[in-house]
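The values are calculated or read from the model by the stated rules, or taken from the named source; none is laboratory data. Predicted model, so just to flag it, every value in this text is computed and none were measured. Neighbour counts run over all protein chains shown; Cβ positions are idealised from the backbone, glycine included.
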Amino acid sequence: MHAIEINGFQKTYRVGFWFQKQKVGLKKLNLLVNEGETFGFLGPNGAGKTTTLKLLMGLIFPTAGSAKILGRDWRDSEIKKRIGFLPEQPYFYDHLTPRELLDYYGRLSGLSSQQRKLRIPKMIERVGLTDTPNVQLRKFSKGMLQRIGIAQAILHDPAVVFLDEPMSGLDPIGRKEVRDLIQSLKREGKTIFFSTHILSDAEALCDRVAVIHQGELRGVGIVSELVSKSEGRVEILWQGAQALRSIEALGAKCSEAGEIIRAELDENSLQRALEIIRNSNARLISVNPVRASLEDYFVSRLAHPVEVAQ
Amino acid sequence: MSGRIPAIAFSTFREAVRDRVLYNLIFFVLLLVASAPIFGQISVGVERIFLVNLGLTAMSIFGIVIAIFIGIGLVSKEIDKKTLYTVLSRPVRRWEFITGKYLGLAGTLVVNTFLMTLGFYAALLFLTRQLGRADANILVAVYFIILQFFIITGITLLFSSFSTPIESAIYALAMFIVGSFAEDLRGFAAMAHGPQAWLARIASYIVPNLSMLNVITRVSHDQIIPASLIGLNTIYAFFYVTIVVSGAVIIFEFRNLK
């Protein structure tokens, strides 16, 4: 059984004064997400990521298509007890304190009074808000709001967590905190489906990613495979400017940062380059194969509208 | 359903109570009621009539203002601020959300009216030095005012389920004003001929008959309100609220949230 199964979701909006024009929000989307997987939904702004999440959450209705979450119809209200959702740039009832907010969401999720009493303090501790359990949310920073947002999404211990741009607009510390939280959810074996346009976060967290652009799925790939593809080139770092000219002569692209020189060159020229470094008494620091990055994959998918089989 | 509707209702109530505008309105009404005895001194011999009319009318107007201005934001604010997203991604059905929101605001208005009524009776006691059986009759007028609030809250919720807050406020206010003259509208329909009569008759049935719920003048003159009117008005308000809130639910069920 797949955690998420999207079968041909489509969304078309009618726009204009007489609603005669059609605007495509999402073209026929088919997607499978495995249980326990951390799945990144990548795309530039306006690609259709939030539309997909809103469709899955039942906030908007599809023009065509259907979906299953944990094997049940996505509209089934019972299934919503087993999912958690953090919207993009969430705004919560700012007159409430974290404790009151979590109590409210706990009640909506069907948690008993006893369960809420046990879980809320633990959740506040888990997201690092122990100093502010009784401070109204209007006094919270963006990072703190994001953390309380994650807390409300996981309070009822859902099996699948949907996060819409969870790191968007956060400073580096805030991003790290949220990343750590997502990693801890991953360790607990939860299925995490998160949309982002920050590729480094996706690379660090995801098992698989899908790229969406202009409402169309452009590709799905396994992150470890995508980033381990060797490009047939190597990167050498060394200290000692005397070897620079000779290595450049091999066709290497060189750059200097202080005393350290970096060269990227063809794998076939590696042995010759190492000899040059040794013979010129320069100090070799490292030799590494140049790997494809998620960014390379992302950019290639945006450029080539090819739907990839999953 | 279980505890979800009460949870939403309580949250709505709590938000309204923590809203400073609400406190200002209550304060203003209480101030008005408290100053009534001073005005009463100007109108010698009719102090009590003056106080009952002024106090209950103020209570009604400010309650309607609260119902409309909080009511227009009940749904739209939740959509604009995306708080609704986290609510509806839980096992909460849309009709439960609308019902909870309605009950929350209705409850807020009941509590406010209760507090205003206490203030009003304090002012009455200060003016007349004693409270008699006739003064209990005023509670019927207060009850009808509460029924008016229930109706206007439902109407505001209905409009806010498909239009902008400003539009909702205008429509709801218009309904309140026209509804306050519903009996006149029916009188006009009876006198008119042709299409005008039909239009007036249809309009008189669509708008809430708030004039039937206004017995302020009668209680100020110690007229006893018959139990049949209390019963009929209660049934009327119940059905009117059920229809408008159901309308809001139906519209909201099919609405795409931006």
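Taking strands (runs of 3 or more DSSP E) that fall entirely within the range A:205-252, which contain at least 1 residues that are free of Cβ contacts under 8 Å to residues at least 60 places away in the same chain? Before you say what the answer is, go through the steps one by one.
Values: elements: A:208-213, A:216-222, A:230-239.
Here the list reads A:216-222, A:230-239.
Residues in the range A:265-292 that are among the hydrophobic types (A, V, I, L, M, F, W, C), farther than 12 Å from A:LEU237 by Cβ and within 32 Å of the chain's Cα centre (by Cα): A:LEU265, A:VAL290, A:ALA292. Using the structure shown, decide if A:ASP207 is closer than 30 Å to A:GLY25 by Cβ and either in contact with a strand residue (DSSP E or B) (Cβ under 9 Å, 6 or more places away or on another chain) or in the same structural domain as A:LYS49 (by TED's automatic domain parsing) (or both). Considered against the rule, which asks whether it is closer than 30 Å to A:GLY25 by Cβ and either in contact with a strand residue (DSSP E or B) (Cβ under 9 Å, 6 or more places away or on another chain) or in the same structural domain as A:LYS49 (by TED's automatic domain parsing) (or both), A:ASP207 comes out as yes.
Here's a check for you: in the range B:194-217, which residue that is among the aliphatic types (A, V, I, L, M) and surrounded by fewer than 15 Cβ atoms within 10 Å (Cβ to Cβ) is nearest to B:ILE235 (Cα to Cα)? Within the range B:194-217, the match that is nearest to B:ILE235 (Cα to Cα) is B:ILE206. With respect to the conditions (1) surrounded by 22 or more Cβ atoms within 10 Å (Cβ to Cβ); (2) more than 11 Å from chain B (Cβ to nearest Cβ); (3) within 14 Å of A:ALA153 (Cα to Cα), A:ARG119 falls short on a single one, namely (1). Given the criterion surrounded by fewer than 19 Cβ atoms within 10 Å (Cβ to Cβ) and within 25 Å of B:ILE170 (Cβ to Cβ), identify the matching residue among B:ILE145, B:ILE61. One residue alone meets the criteria, B:ILE61. The residues on offer are B:SER204, B:SER228, B:SER246, and the sole one that is of a type in the set (Ser, Thr, Tyr), within 30 Å of B:VAL46 (Cβ to Cβ), part of a helix (DSSP H, G or I) and out of contact with any Cys (no Cβ under 9 Å at 6 or more places or on another chain) is B:SER228. Listed by position, the strands (runs of 3 or more DSSP E) enclosed by the range A:9-113 that each have at least 3 residues that are away from every other protein chain (no Cβ under 12 Å), under 24 Å from A:THR191 (Cα atoms) and in contact (Cβ under 8 Å) with a residue 40 or more places away in the chain are A:21-34, A:38-42, A:64-69. Screening B:ILE70 on (1) of a type outside the set (D, E, K, R); (2) closer than 30 Å to B:VAL33 by Cα; (3) away from chain A (no Cβ under 14 Å); (4) in contact with a helix residue (DSSP H, G or I) (Cβ under 8 Å, 6 or more places away or on another chain) shows it passes everything except condition (3). Within the range A:123-139, being in contact (Cβ under 8 Å) with a residue 40 or more places away in the chain and either of a type in the set (Val, Ile, Thr) or crowded, with 18+ Cβ neighbours inside 10 Å (or both) holds for A:VAL127, A:LEU137. A single entry from B:ILE224, B:ILE230 fulfils the requirement of being surrounded by fewer than 13 Cβ atoms within 10 Å (Cβ to Cβ) and of a type in the set (A, V, I, L, M): B:ILE224. Within the range A:253-279, being part of a helix (DSSP H, G or I) and in contact with a strand residue (DSSP E or B) (Cβ under 8 Å, 6 or more places away or on another chain) holds for A:GLU267, A:LEU270, A:ALA273, A:LEU274, A:ILE277, A:ARG278. Residue check: A:SER184 meets all listed conditions (1) surrounded by fewer than 18 Cβ atoms within 10 Å (Cβ to Cβ); (2) assigned to a helix (DSSP H, G or I); (3) at pLDDT below 90 but one, namely (3). Reported count of residues in the range B:97-130, each being surrounded by fewer than 22 Cβ atoms within 10 Å (Cβ to Cβ) and within 14 Å of chain A (Cβ to nearest Cβ), is 1. Condition first: more than 14 Å from chain A (Cβ to nearest Cβ) and acidic (Asp, Glu). Can you find one or more residues in the range B:41-53 that meet it? Yes. Out of curiosity, is A:GLN239 touching a Lys or Arg at 6+ places or on another chain (Cβ under 6 Å), surrounded by fewer than 18 Cβ atoms within 10 Å (Cβ to Cβ) and of a type in the set (S, T, N, Q)? When the stated conditions are applied, A:GLN239 passes them. The single residue among B:VAL87, B:VAL92 that is within 14 Å of another protein chain (Cβ to nearest Cβ), in a loop (DSSP other than H, G, I, E, B) and touching a helix residue (DSSP H, G or I) at 6+ places or on another chain (Cβ under 9 Å) turns out to be B:VAL92.
Taking the stated definitions as given, is A:SER168 under 13 Å from the mean Cα position of the chain (by Cα), modelled with pLDDT under 95 and small (Gly, Ala, Ser)? Against the criterion (under 13 Å from the mean Cα position of the chain (by Cα), modelled with pLDDT under 95 and small (Gly, Ala, Ser)), A:SER168 qualifies. Of the residues making up the range B:180-207, those that are among the hydroxyl-bearing types (Ser, Thr, Tyr) and touching a helix residue (DSSP H, G or I) at 6+ places or on another chain (Cβ under 8 Å) are B:SER180, B:SER204.
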